[in-house]
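For reference, the structure discussed in these notes is given below.
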Amino acid sequence: MLSQQLQVFLQVAECGSFSKAAQRLFVTPASIMKHINTLENRLGVTLLVRSRRGTELTAAGKALYEGGKKLTASADRLAREVKTAAHPNGISIRVGSSLLNPGRVLTDLWAPLREMYPEYKFRLVPYEDTKEQILTVIASLGEQIDVLAGFFNAKSMHKMARYLVLGSSRLCIAVPEGHPLASREELTLDDLHGEQLVMVKSGDTLLLDQFENMLKSEHPQIQAKETDYYYDIDTFNTCGQEGSLLLTLDSWADIHPAFATIPLRENYRIPFGVLYSPAPSREVQAFIEILRTNIKEPGN
């Protein structure tokens, strides 16, 4: 809602240099300088002076910066009021929620954006994520459920829906109670030599296929046992009954009380994100774009 020149000026003032502001705005320093020159010409004053330390605000620049921050806050508040008026009952996003992929993963990520986008409301819709039903749920996205949040990295899933990656989770080993490794705080792959390790069936998830190939090549002492293409709660039940180790994720640490979830020191990671219909509604598409713009994996 504010002029582009003013927004660029505020970024330069906060960053302290044209180059840093250019990096933040994904433009060239020359473009930044052009906007500042245009703004100074319009106002008829000098706002910034260059120094060895970068850029410094003049008295006029300081006045514009303080006023600009107040305008930004007012513009943001007005934008929220306009959105609320346009959608008095809110925009409902139906988020699928299951045992392995609970909807709160997405609602927690959204928490910092709630004030900025008050018109969006979430309705959690429970679904069965058994290995027999999960593809049916994904194929029907847009009917009863708008988005699924979780670990949906299989090629068969991506054929049916779009996937926006929002972060990643660490690969861990689920160790049954009473197993000699259950008391460890961390494991290495060498610790698993001589053990049977259950993992998803190969051929559908590239990153896990690469992980299994690495095990066969570098750690043949680990007895890799494939299960189905997708985990469900029965996967954990079966491993618990057999006393087998299970390749899992730190996000699933509390799925089954009979296991200790122990991270691998090697810190292999698997992406998580949101899955949505290939033909989403306008409201869902706008929601996805907000996620794409505002949520990034920590450290990136």
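The values are calculated or read from the model by the stated rules, or taken from the named source; none is laboratory data. This one's a predicted model, so the numbers in the text were calculated from it and none came from an experiment. Glycine also receives a Cβ, built like all others from the backbone with ideal geometry; neighbour counts cover every protein chain displayed. Surface areas here come from the heavy atoms of the whole protein model, side chains and all, with no ligands, DNA or RNA. Shrake-Rupley method; radii C 1.70, N 1.55, O 1.52, S 1.80 Å.
A few comments on the model shown:
- Here's the picture: charge each Lys and Arg Cβ at +1 and each Asp and Glu Cβ at -1 in the chain, and of Asn213, Ala22, Val49 the one pushed furthest to the positive end of that dipole is Val49.
- Overall form of the stretch 162-271: rounded. Here a/c, set by the Cα gyration tensor axes a ≥ b ≥ c, is under 1.5.
- Computed E for Arg292/Gln241 - FRET, C-beta separation, R0 41 angstrom, nearest 0.05: 0.45
- Within the accessible area of the chain, the carbon and sulfur atoms contribute 51%, probe 1.4 Å, all protein chains present.
- Formal net charge of residues neighbouring Ala59 (Cβ-Cβ distance under 15 Å; K, R +1; D, E -1): -2
- Here's the picture: charge each Lys and Arg Cβ at +1 and each Asp and Glu Cβ at -1 in the stretch 147-300, and of His158, Pro271, Tyr231 the one pushed furthest to the positive end of that dipole is His158.
- For the pair Arg53 and Gln210, the difference between a 0.36 nm per residue extended length and the Cα-Cα distance amounts to 51.8 nm.
- DSSP beta bridge pairing in the stretch 117-250, given as percent antiparallel to the nearest 5: 40 percent
- Estimated distance in nm for a label pair at His219 and Glu283, the labels positioned 7 Å out from Cα along Cα-to-Cβ: 4.6 nm
- Descending by average beta-carbon neighbour count within 10 Å, the peptides 65-73, 16-24 line up as 16-24, 65-73, the highest first.
- Glu177/Ile233 FRET efficiency (R0 22 Å; Cβ-Cβ; nearest 0.05): 0.85
- Fully extended contour minus Cα-Cα distance, from Glu115 to Glu226, at 0.36 nm per residue: 35.4 nm
- The stretch between Arg42 and Ala75, if pulled fully straight at 0.36 nm per residue, gains 9.8 nm over its current Cα-Cα span.
- Virtual paramagnetic centre 7 Å along Cα→Cβ of Ser156, amide N under 16 Å, in the stretch 103-135: 129-135
- DSSP beta bridges confined to the chain are antiparallel in about 60 percent of cases.
- Label assignment, Rg/Rh (Cα atoms, Kirkwood Rh) derived from the structure, set (1) 1.10; (2) 1.03; (3) 0.96: (1)
- Whether the stretch 151-198 is rounded, prolate or oblate, judged on the alpha carbon gyration tensor where a/c under 1.5 counts as rounded: prolate
- Average accessible area per residue (Å²) across the chain - probe 1.4 Å, nucleic acids and ligands excluded: 54 Å²
- Rounded to 0.05, the FRET efficiency of the Phe26 and Glu185 pair, given R0 = 41 Å and the Cβ-Cβ distance, is 0.50.
- Shape box of the stretch 96-188 [Cα atoms, principal axes, largest first, Å]: 50, 35, 21
- Dipole in debye (nearest 20) - the stretch 199-300, about Cα centre, beta carbon charges: Lys, Arg +1; Asp, Glu -1: 300 debye
- Kirkwood Rh (inverse of mean 1/r, distinct Cα pairs), the stretch 192-234, angstrom: 10.7 Å
- DSSP bridge pairs, the stretch 1-128: antiparallel proportion in percent, nearest 5: 35 percent
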